[in-house]
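Contents: one structure, followed by commentary.
Just so it is clear, none of the values below were taken in a lab; they were calculated from the coordinates. Please read these numbers as outputs of a predicted model, since none were measured by experiment. With ideal geometry, Cβ positions are generated from the backbone for all residues, glycine too; neighbour counts draw on all protein chains shown.
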Amino acid sequence: MGIRYYAYPVPGDRIDDAHRDPGLFLGTDPLGDAWGLVPVSVETETGETVASDCVFALDAKPRPTMLYLDKAFRVFQDIFFGRDDDSGPRESYALVEGAPSVSYGQDYSFTPWVRVLDTTDTAAIARDLTLVPLVADDHPALARGITWKAEDINNFLRTAVQFMTERAAAGDGVVYTIR
């Protein structure tokens, strides 16, 4: 399945709670939230009906307010990190900064990256995202790992602009996880 990016709103008056326990604001199944997945009941060999842990119905539930960047967060890390004038990362970089820590051993595992963005961060990122130009198919960030089409990245960018602009207008913060 791979490592993916998910962000959820945090009401402005609950930012301190999010800093103490970001999990309060993250979905218990972010991929299920992003895709609207619901486990489908299956019949076992004994005739018992149980909820499956591997068969799901797509778009079977309403999706919560969230930003889902799939695996494209890596492309945005590249795009947001550099500026033409070498002045360092854009404010938008704070939206995608980080990576889970991975343990390669007998038991392959990783610890998700989680970050809380305060209301001032959210407003700054929303403003900056509106200044990020759309990418062309020859943009160097599109060649990293998974090959992305500019159209897909630009659609994710538009979604991020809308999500962050709405969060800023509502006075919200954001908690995100890369897992």
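The listed peptides 102-108, 161-167, 26-32, ordered by packing as a protection proxy, come out as 161-167, 26-32, 102-108 (highest mean of other Cβ atoms within 10 Å first). Using C-alpha pairs below 8 Å separated by at least 6 residues, the relative contact order for the chain is 32 percent. With each label modelled as a point 7 angstrom along the Cα→C-beta vector, the ALA99-GLU43 pair spans 4.8 nm. Using Cβ point charges alone (K and R +1, D and E -1), the dipole size of the chain about the Cα centre works out to roughly 220 debye.
Our coupling estimate for segment 120-136, obtained by passing each phi through the Karplus curve with A = 6.51, B = -1.76, C = 1.60 and θ = phi - 60°, is 5, 4, 4, 5, 5, 5, 4, 4, 5, 4, 5, 9, 6, x, 5, 9, 9 Hz, Gly and Pro reported as x.
This ranking places PHE110, PHE73 by how few other beta-carbon atoms lie within 10 Å of each, fewest first, which gives PHE110, PHE73. Got a sec? Which residues in segment 35-50 would a label at ASP29 touch, if it sits 7 Å along Cα→Cβ and we count backbone N under 14 Å? 35-42, 50, by backbone N distance to the label point.
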